[in-house]
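Student: Before anything else, here's the structure in question.
The values are calculated or read from the model by the stated rules, or taken from the named source; none is laboratory data. Note that the coordinates shown come from a computational prediction; the quantities given were computed from them, not determined experimentally. Please note: Cβ atoms are built from the backbone with ideal geometry, for glycine as well, and neighbour counts cover all protein chains shown. Only protein heavy atoms, including side chains, enter the accessible area calculation; ligands, DNA and RNA are left aside. Shrake-Rupley method; radii C 1.70, N 1.55, O 1.52, S 1.80 Å.
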Amino acid sequence: LVESANCTAVNEIVEYGTAVPSVSSSDRIAKVTKNEDGSGYLTFQSGATMAFSAARNMKATAYTKGTPGVDSVTATGSIVNVGTVAVDRNVIPLGTRMYIVTKDGVVYGMSVAADTGVRGNLVDLYYDTYQQCINFGRRSCTVYLLK
């Protein structure tokens, strides 16, 4: 129910949704709602919603442990796993929760900025195997910085 000097109260369901801290890897974005300040919320096919503070267009690459210069422990002290993302801490602070989707439809999904080793407007996504990294390559993506 909304009332103001310029509009009449209306009993109407605008949208169903339940705010959640994370979604399953099989859930997909059904709708993105953006506010003027760049924040907004994601509505998933399940009906779940997640608020974001910003959506950034970035480049994404992939990495895995066991390759030269890559350890199994991140810059934050956690063990690498799918959902671990390396960032430039001057661009995205360590500990930031994110939801990542490439422009060509690959859903990396729920993730956390837990590692470093990249510079600038780039995210490096952890995958379990070297072949998955090769298959991913380098892609344009949208990184939703979750609240």
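Student: Express the C-alpha Rg of the chain as a ratio against the empirical globular expectation 2.2 N^0.38 Å, rounded to two decimals. List each step's numbers first, then the result.
Tutor: Working: Rg = 17.6 Å, N = 147, 2.2 N^0.38 = 14.7 Å.
Cα-based Rg divided by the globular estimate yields 1.20.
Student: Please list 3J(HN,Hα) in residue order for region 132-147, calculated via the Karplus relation 6.51 cos²θ - 1.76 cosθ + 1.60 where θ = phi - 60°; whole Hz, with x for glycine and proline.
Tutor: 4, 5, 4, 5, 6, x, 10, 9, 7, 8, 10, 10, 8, 8, 6, 7
Student: Of Thr64, Leu122, Gly77, which is farthest on the positive side of the dipole of region 40-147, counting Cα position, with +1 on Lys and Arg Cβ, -1 on Asp and Glu Cβ, and the Cα centre as origin?
Tutor: Toward the positive end, the furthest listed residue is Leu122.
Student: Next question. For Asn90, what is the net charge nearby, where nearby means another residue's Cβ is under 14 Å from its Cβ and Lys, Arg count +1, Asp, Glu -1?
Tutor: +2
Student: Run the simple label-point estimate for Asp71 and Thr129 please: 7 Å along Cα→C-beta, distance reported in nm.
Tutor: 2.7 nm
Student: So, for the chain, what is the accessible surface per residue at a probe of 1.4 Å, expressed in square angstrom?
Tutor: 58 Å²
Student: While we're on this one: Express in Å², to the nearest 10, the accessible area of Tyr63 obtained by rolling a 1.4 Å probe over the protein heavy atoms while all chains stay in place.
Tutor: 20 Å²
Student: Take the solvent-accessible surface of the protein heavy atoms, probe 1.4 Å, and return the percent of it on region 62-103 that carbon and sulfur atoms account for.
Tutor: 52 percent
Student: How high is the relative contact order of region 88-147, given as a whole-number percent (alpha carbon pairs under 8 Å, six or more residues apart)?
Tutor: So the answer I get is 45 percent.
Student: Under a 5 Å amide H to amide H cut-off, with H placed in plane at 1.01 Å, what residues pair with Tyr63 once short-range neighbours are removed?
Tutor: Leu125, Tyr126, Tyr127
Student: By per-residue mean of other Cβ atoms within 10 Å, what is the highest-first order of 69-75, 115-121? Please report the intermediate quantities before stating the final value.
Tutor: Details: 69-75: 12.9, 115-121: 15.3.
Descending packing order for the listed peptides: 115-121, 69-75.
Student: What FRET efficiency comes out for Val32 versus Asn90 if R0 is 22 angstrom and r is the Cβ-Cβ distance? Round to the nearest 0.05.
Tutor: Here the calculated transfer efficiency is 0.25.
Student: I've got another one for you. Amide H to amide H under 5 Å from Lys147: which residues, 5+ apart in sequence or cross-chain, H placed 1.01 Å off N in plane?
Tutor: Answer set, sorted by chain and number: Ala51, Phe52, Ser53.
Student: Between Ala30 and residues 5 or more places away or on another chain, which pairs have amide H atoms under 5 Å apart, with H built 1.01 Å from N, and which residues are they?
Tutor: Those qualifying (amide H under 5 Å, at least 5 residues apart or on another chain) are Thr43, Phe44, Gln45.
Student: Of the DSSP beta bridges with both residues in the chain, give the percent that are antiparallel, rounding to the nearest 5.
Tutor: Here the share of antiparallel DSSP bridges comes out near 75 percent.
Student: Related question: May I ask you to compute the full-extension gain from Lys59 to Val107, defined as 0.36 nm times their residue separation minus their alpha-carbon distance, rounded to one decimal in nm?
Tutor: Working: separation 48, 0.36 × 48 = 17.28 nm, distance 1.39 nm.
Length gained between Lys59 and Val107: 15.9 nm.
Student: Please say if region 45-124 is rounded, prolate or oblate, where rounded means a/c under 1.5 for a ≥ b ≥ c the square roots of the C-alpha gyration tensor eigenvalues, and otherwise the choice is prolate for a/b larger than b/c and oblate otherwise? Don't skip to the answer; put the middle values down first.
Tutor: Working: a/c = 1.64, a/b = 1.57, b/c = 1.05.
The shape class here is prolate.
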